[in-house]
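The values are calculated or read from the model by the stated rules, or taken from the named source; none is laboratory data. Everything quoted here is computed from the prediction, not taken from an experiment. So basically every Cβ, Gly included, is an ideal-geometry build from the backbone, and we count neighbours across all protein chains shown. For the accessible areas, the whole protein counts, side chains as well, though only heavy atoms, and no ligand, DNA or RNA atoms are used. Shrake-Rupley method; radii C 1.70, N 1.55, O 1.52, S 1.80 Å.
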Amino acid sequence: MWERVSGPGPEPEPVHEPAHAKQPPTAHAPTGAAPVQEPTVPEPYVQQPVAPQRPVQQPPVQEPAVQQPPVQQPPAQEPAAQQRPVQQPPVQEPTVQQQPVQDQAPAAPADSAAPGSVFTPRERPAAPAPEPSLEAVRASASSDTPASPDAILIRRTMAEIEPVADKVTSYFYALLFVQYPDLRALFPASMDTQRDRLFKALLTAAQHVDDADVLTAYLANLGRGHRKYGTVPDHYPAVGECLLAALGRYATSSWGPETEAAWVRAYTAISQIMIDAASADEAVAPAWWHAEVVSHELRTPDIAVVTVRPDQPYPFLAGQYTSVETPWWPRVWRHYSFASAPRSDGLLSFHVKAVPAGWVSNAMVHRARPGDVIRLGAPGGSMTVDHTTRSGLLCVGGGTGIAPLKALVEDVAEHGIHRPVEVFYGARSDHDLYDLDTMLQLEKAHPWLSVRPVVATGPAARGGTSSETGQLPDAVRQYGPFQEYDAYLSGPPGLIRSGVDALVGAGVPADRIRHDSVEELVAAGD
């Protein structure tokens, strides 16, 4: 029901925009946003106001219209959670003004790498373990364990609202912003793309309440990731109240006191997991990192390799991704994979492709320059290497999807356990293989690595163990079987779908195929 076939909104950010370990799509992407003028760059970099804490009870209101503002499409901001949806009689509250809060780190100059700079690399803490994918959450409902009574009631609601999912989502957000207008400040200018992400994540989680371990790990990551939006525990009751109201309005057949009680229990558990995770994370990590651009290299007219220096140690694992916000589009976050394994100098690199109507991607490719300061969210993703085994790695990447695969190759090299690694690097033409020279240098340095460029049209690319012309999945099938390999997919959603089929056809067990889909990234807090 929630499946998407393209990247986030009208900005289907670059193919490398990660795709989760074995992760299916999770969000709808409405279209038709009207163009808007780019805002001026905020000086200094100002954090958007956080909605003030306030009681969640409000008097009944007229049914709001379900239309969203016809503006461009940023990513989803998903308010944080509280104990339980409020059901007591509402009380009128006056509107409370919230003052903007400034970030403490102003944009650093281009030479901020000098001694004493806040961007000087420091010792890097241990990277967090990769979180489970959303697919793992969904798979929990397919186990042989009988569903609980609450899960059965919740799934009946989900089945009933599936045909009208867009209406339920629109009503939910319209009600939220009419009842609690202060929460609107947590979201970007346009809701067309990201409006349903929190809603869908909550529904998916509620549907799989029976697997506490998987659900806790997934929601904990979600709660940590939402810190960068300024969410606080007091926001959760408002979300829960409007969630139940939207479900009750459209699930008329399955809704009743027992079903409502099941949803209250589920949402209470969901919100508390997210609140607790955010609270624990606050003690050990910032809500975001400032990062100075130290290098900006245009590889093609629309692809840039951007290297940044975080202002604080940034722990991550090769194959993971982060969310990026630029100073030109506040509250608009997009996900990019790290293009290298963790480095001793603390620098981070990203491969960014500018796409039509892409707010962040165009800013990163065409506007960002050394000395500019962007913001990074916490690392995420589970497309990482298991270094406890000696299985071979089969890496399939299209376009900028080569970025995390390059990081995985570096990771294998650094761990010193030489295992066969097959990289299939695909693009439309030889010209689009913008990072082939780097991959061929790695192949030359490591005898266990084979790089096979694949182009869809034109002459075969130069170099590599072999060069192919045609579709990337077809090229992979030619070199199977790969029963003893762990497979990694990175690229646009279409490649992920066809690539999974090709890998299974090449002998790779389905449970050994990892990918970070764009849709999963969206659910993780884009």
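Side notes on the structure shown:
- Packing-based ranking, highest mean first, of 219-225, 445-451 given that Cβ atoms within 10 Å are counted: 219-225, 445-451
- Site pair Gln478 and Ser148 shows an inter-label distance of 5.2 nm when each label is modelled 7 Å from Cα along Cα→Cβ.
- Subset of Lys167/Lys200; Lys228/Lys406; Lys200/Lys353; Lys200/Lys228 violating a 24 Å alpha-carbon distance limit: Lys228/Lys406; Lys200/Lys353
- HN-Hα J in Hz across the range 304-313 - Karplus 6.51, -1.76, 1.60, θ = phi - 60°, x for Gly and Pro: 10, 9, 10, 10, 10, 10, x, 7, 9, x
- In this simple spin-label approximation, Asp501 and Ser344 carry label points 7 Å from Cα along the Cα→Cβ vector, and these lie 4.7 nm apart.
- Counting charges near Val421 (Lys, Arg +1; Asp, Glu -1) among other residues having Cβ under 12 Å from its Cβ returns a value of -1.
- Accessible area per residue, Å², the range 367-490 with all protein chains present, probe 1.4 Å: 37 Å²
- Cut-off under 5 Å, modelled amide H: who pairs with Ser295 long-range: Thr307
- Taken one residue at a time, the phi angles of the range 236-253 give Karplus couplings (6.51, -1.76, 1.60, θ = phi - 60°) of 5, x, 5, 4, x, 4, 6, 4, 5, 5, 5, 5, x, 6, 9, 9, 5, 7 Hz. Gly and Pro are set to x.
- Percent carbon-and-sulfur accessible area, the range 360-476, ignoring ligands, DNA and RNA, probe 1.4 Å: 50 percent
- Across the range 316-325, coupling constants 3J(HN,Hα) worked out from phi with the 6.51/-1.76/1.60 Karplus curve, θ = phi - 60°, read 7, 10, 4, x, 8, 9, 9, 9, 10, 10 Hz, and Gly and Pro carry x.
- Residue-span extension gain [Ala212 to Leu298] - 0.36 nm each, minus C-alpha spacing: 26.4 nm
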